Amino acid sequence: MKYEIKIGHLFSDLLNMFGDKGNIASLVNRMKWRGYSAETVCFKEQDEICFDGLDIVILGGGGEKDELSALKKLMEKKEELKAYVESGGILLAFCGGFRMLGQYFKTKTQTVEGVGILDMETEYGERFIGNVIAETEITGEKIKIAGFENHGGRTILKGIRPFAYILSGEGNNGEDKTEGAIYKNVIGTYLHGPLLPKNPRLTDYILKVALERKYGETICLCPLSDELENEALGFAINRFLKAEG
């Protein structure tokens, strides 16, 4: 059977600072390399956002002014986005997109109401910048992932699970070792890199969940030749954990 997915990139003209196109390219290519199809729909600031038919939604980060502009538009679609999430739709939110999904976040000058999908709060702080190694069980087993963080928010999770736990780096707040958050099929994270090309097992897990939701059957993705990706990931893990001491 030839499977297909549709990816929606929200505010592709505003929230595109941290490699979100690389994350999308990883999803699309890993579908195509298996002989499947993947379509990307880019929603710009002035476009009408429609979640119907989308299998994966990408919400990235940008400069503060652009993030606030995007959030203003996203709040107009808050209920539709919540319905998409509650129906099991996959939402991948990176950095600024991640903090938008909480109850509120603070900038240097103001407190901003968030979408409220994730039960968390983000305070303002000095920036965390650097490479990150973390461990997640989202795939059903413990795997190490690599990424890069560059954020000023200090996020505290309230009633939701973290996406991962920090082995090297700062994570959500530099104190409790949490990184990102998970709710239903929402993954929120501060990890850039871009994240998905660096972590093929995570990418394939996301594709599997999206396809099984769409087609209502158990799907086994055929293995790809990930020797180079896994070698690079292993090198990063060993290098930064060794530096951690």
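The values are calculated or read from the model by the stated rules, or taken from the named source; none is laboratory data. Source: prediction; values computed, not measured. Cβ: placed from backbone, ideal geometry, glycine included. Neighbour counts: every protein chain shown.
Residues that are under 19 Å from Lys184 (Cα atoms), without any contact (Cβ under 8 Å) to a residue 60 or more places away in the chain and aliphatic (A, V, I, L, M) within the range 84-122 comprise Met100, Val115, listed in sequence order. Hey, can you tell me all the residues within the range 3-18 that are in contact with a Gly (Cβ under 7 Å, 6 or more places away or on another chain) and either more than 19 Å from Leu101 (Cα to Cα) or surrounded by fewer than 16 Cβ atoms within 10 Å (Cβ to Cβ) (or both)? Lys6, the sole residue that qualifies.
For the range 154-184, a residue qualifies if it is modelled with pLDDT under 95 and either of a type in the set (A, V, I, L, M) or in contact with a Phe, Trp or Tyr (Cβ under 6 Å, 6 or more places away or on another chain) (or both), but none of them does. Flag not set for Ile237, criterion: farther than 18 Å from Thr136 by Cβ, touching a Lys or Arg at 6+ places or on another chain (Cβ under 8 Å) and in contact (Cβ under 8 Å) with a residue 60 or more places away in the chain. Looking across the range 119-129, just one residue is buried (at least 20 other Cβ atoms within 10 Å of the Cβ) and within 20 Å of Ser69 (Cα to Cα), and that is Thr122. Once the range 221-241 is narrowed to residues that are aliphatic (A, V, I, L, M) and outside any loop (DSSP other than H, G, I, E, B), the residue that is nearest to the chain's Cα centre (by Cα) is Leu233. The listed residues are Thr178, Thr218, and the only one of them that is over 13 Å from the mean Cα position of the chain (by Cα) and closer than 22 Å to Val115 by Cβ turns out to be Thr178.
Report whether or not Glu126 is under 21 Å from Gly147 (Cβ atoms) and outside any helix (DSSP H, G or I). Yes: the conditions hold for Glu126.
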